[in-house]
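What follows is a single structure, written as structure tokens, with notes after it.
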Amino acid sequence: MNELIVRFYVNEKNKNILKAIISKLNLKNKDCFVIDINKNDEYDDNKAREFPDGFLYFSNFIEYLKDEAQYSNDDIYNSKLILKTLWNSGIPAIASCDFEEKLPKTGGYKSKDIPW
């Protein structure tokens, strides 16, 4: 059974764009995790604009899953890379995980510096 390591809330409706971005990344230990892109059933375009908690209503989320619940330095590296790449692509993204303090801008929560 896969354990959730990170959930990235993303405000990009086109899953193909997200898949293309993720597929081009040079992630470490790709055989140790899976990435799923899911529609957010709580999606609400109006609520998604509310700062800072609107991320809960973004259109999709990306889940980074492993067989074990323990995260590693590679998971932190991969999460940083995913976040930075999404932000550099102009996609609003917030990470929710146990190691947010180790991510750029603490995963993006309450940061006005990231695309919103």
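Annotations for the structure displayed:
- Qualifying residue in the stretch 100-110 (condition: surrounded by 13 or more Cβ atoms within 10 Å (Cβ to Cβ), of a type in the set (Lys, Arg) and touching a strand residue (DSSP E or B) at 6+ places or on another chain (Cβ under 7 Å)): no
- Filtered residues of the stretch 77-116 (kept if without any contact (Cβ under 8 Å) to a residue 60 or more places away in the chain, β-branched (Val, Ile, Thr) and touching a Gly at 6+ places or on another chain (Cβ under 8 Å)): Ile114
- Among (1) in a strand (DSSP E or B); (2) of a type in the set (Ser, Thr, Tyr); (3) over 22 Å from Ile114 (Cα atoms) - the single one Tyr71 does not satisfy: (1)
- Leading residue by the ranking (nearest to Lys15 (Cα to Cα)) among those in the stretch 89-116 that are of a type in the set (S, T, N, Q) and not in a loop (DSSP other than H, G, I, E, B): Ser96
- Count of residues meeting criterion [surrounded by fewer than 18 Cβ atoms within 10 Å (Cβ to Cβ) and at pLDDT 95 or above] in the stretch 58-98: 16
The values are calculated or read from the model by the stated rules, or taken from the named source; none is laboratory data. Because the structure is a prediction, the values reported are computed rather than measured. Glycine gets a Cβ as well: all are built from the backbone with ideal geometry, and neighbour counts include every protein chain shown.
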